[in-house]
Amino acid sequence: MPSSDEPFFQTIAIAGLGLIGGSIALAVRERWPSIRIIGVDHPSVLAHATGSGAIDRSVASVRDLDAPDLIILAAPVHQNIQLLNDLASIRAGLGRAIVTDVGGTKRDIVEAARNLRPSFAFVGGHPIGGAERGGFGFARPDLFAGRPWIFTPDPTTPPQAVATLERFAGGIGARTTRLDAPEHDRLMAYLSHLPQLAASAVMEVVGREAGTGFRLAGRGLVDTTRLASSPASVWKDICASNADTIGQALDLLIDRLTALRADLTRGEKIEAIFDDAAHWRAELMKGRD
């Protein structure tokens, strides 16, 4: 087994060179220059990635891959599932590659992975390394430094594959942890998906009703709506593949907003919710300052 200074793989294929996939390529290039990186994406993206030195070679489809050691699916959730279907039909000559993904939901992809050939070892993955804007142009090698990277193995996942991926993610600075797929999706509905939808909805309302007064806005609006620049193309898949738990989270938020709406003149519910929110905000920020 290689040390943390030695490459864990000789060849890596990354299908999808957006913010996450591109940042993985840049981080690997910086950390282990000897690893050969193959990119799969649209021609314009591949040209950008090749020109920046992030990848060594490009192919048009995962069907064109030639025995990489690791395949990272970094497209939106539903596209990753289609890529899995493509991999399931590939000849056995690809060898015993490890396959992982970086999607924001895990139940559907873990279920789809059961259709892979036995020669593939699939491990669901989710690096928590998002930013306000997507695309290769915003990728950077330090995106995962100090951030969580969740893996979601199931009982059929080869333990060695999980351990190798954890060492790989740790090698580019991430803090790894394990969850089962349903618990991952439940937690992310509250930690990631609800904040994204809330920020986007707030920005849409404010923009439509007060956009002419933006010059008067303070840091509160700017900080609260930071996520509102995120691309809808990614979030449509996330919402569709986690609709049940996101729906529950939205129902709870709507309940709190309804209570605030009914209590605007008295302030009792406002005080209670603000006090509770301040407590949980302090818990969230422990160790982050």
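Computed from the coordinates by the stated procedures, all read-outs in this text should not be read as laboratory data. The structure displayed is predicted, hence computed values, not measured ones. Here the Cβ positions follow ideal geometry from the backbone for every residue, glycine too, while neighbour counts run over all protein chains shown.
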Identify which of the listed values of percent of Cα pairs over 36 Å apart was calculated from the structure shown: [x] 14; [y] 22; [z] 36. [y]
In nanometres, the difference between 0.36 nm per residue of separation and the alpha-carbon distance of Ala145 and Arg36 is 37.1 nm
Phi-based couplings in Hz for segment 70-79 (Karplus 6.51, -1.76, 1.60; Gly and Pro marked x): 9, 10, 10, 8, 10, 8, x, 3, 5, 5
Which peptide among 27-37, 100-110 comes first, and what is the full order, when sorted by highest mean count of other Cβ atoms within 10 Å? 100-110, 27-37
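Ordered by packing density, taken as the mean number of other Cβ atoms within 10 Å over each peptide's residues, highest first, how do 252-262, 173-183, 46-56 rank? Walk me through the intermediate numbers first.
Details: 252-262: 11.9, 173-183: 15.9, 46-56: 17.8.
The peptides rank, most packed first, as 46-56, 173-183, 252-262.
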Net charge of Cβ neighbours under 12 Å - reference Pro141; Lys, Arg +1; Asp, Glu -1: +1
If the chain between Asp56 and Ala277 were fully stretched, how many nm would it gain, using 0.36 nm times the residue separation less the Cα-Cα distance? 74.7 nm
Near Thr176, within a Cβ-to-Cβ distance under 13 Å, what is the net charge of the other residues, with Lys and Arg +1 and Asp and Glu -1? +3
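Pull out a ≥ b ≥ c, the square roots of the eigenvalues of the alpha-carbon gyration tensor of segment 184-285, then state rounded if a/c is under 1.5, prolate if not and a/b is larger than b/c, and oblate in the remaining case. Don't skip to the answer; put the middle values down first.
Values: a/c = 1.67, a/b = 1.11, b/c = 1.50.
Taking the square roots of the gyration eigenvalues as a ≥ b ≥ c, segment 184-285 is oblate.
Size of the dipole of the chain about the Cα centre, Lys and Arg at +1 and Asp and Glu at -1 on the beta carbon, nothing else charged, in debye to 20?
Working: 30 positive and 33 negative charges, 92 e Å.
Here the size comes out at about 440 debye.
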Give me the Kirkwood hydrodynamic radius of segment 11-179 in Å, from all C-alpha pairs, to one decimal place? 15.6 Å
Rounded to whole Hz and in sequence order, give me ³J(HN,Hα) for segment 45-57 from the Karplus expression 6.51 cos²θ - 1.76 cosθ + 1.60, θ = phi - 60°, writing x for Gly and Pro. 5, 4, 5, 5, 5, 5, x, 7, x, 6, 10, 9, 8
Return the sequence-ordered ³J(HN,Hα) values of segment 257-273 in whole Hz as given by the Karplus equation 6.51 cos²θ - 1.76 cosθ + 1.60 applied to θ = phi - 60°, using x for Gly and Pro. 5, 5, 5, 5, 4, 6, 10, 4, 8, 8, x, 5, 5, 4, 5, 5, 5
For the chain, percent of DSSP beta bridges that are antiparallel (nearest 5) comes out at 15 percent
Excluding residues fewer than 8 positions from Lys106 in its own chain, the lysines with Cα under 25 Å of it are Lys236
Pull up all non-local amide H partners of Arg36: gap of 5 or more, or a different chain, and H-to-H distance under 5 Å with H placed in the peptide plane. Thr11, Ile12
With each pseudo-label sitting 7 Å past Cα toward Cβ, what's the Ala217-Glu111 distance in nm, one decimal? 3.8 nm
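May I ask you to derive the FRET efficiency for Arg96 and Ala243 from their Cβ-Cβ distance with R0 = 22 Å, giving the value to the nearest 0.05? Write down the numbers at each step before the final one.
Details: r = 35 Å, r/R0 = 1.59.
Computed FRET efficiency for Arg96 and Ala243: 0.05.
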In terms of modelled amide H atoms, which long-range or inter-chain residues lie less than 5 Å from the amide H of Phe122? Val99
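Tell me, what is the FRET efficiency for Ile270 and Arg133 to the nearest 0.05, using R0 = 45 angstrom and their Cβ-Cβ distance as r?
On the way: r = 34 Å, r/R0 = 0.76.
Approximately 0.85, to the nearest 0.05.
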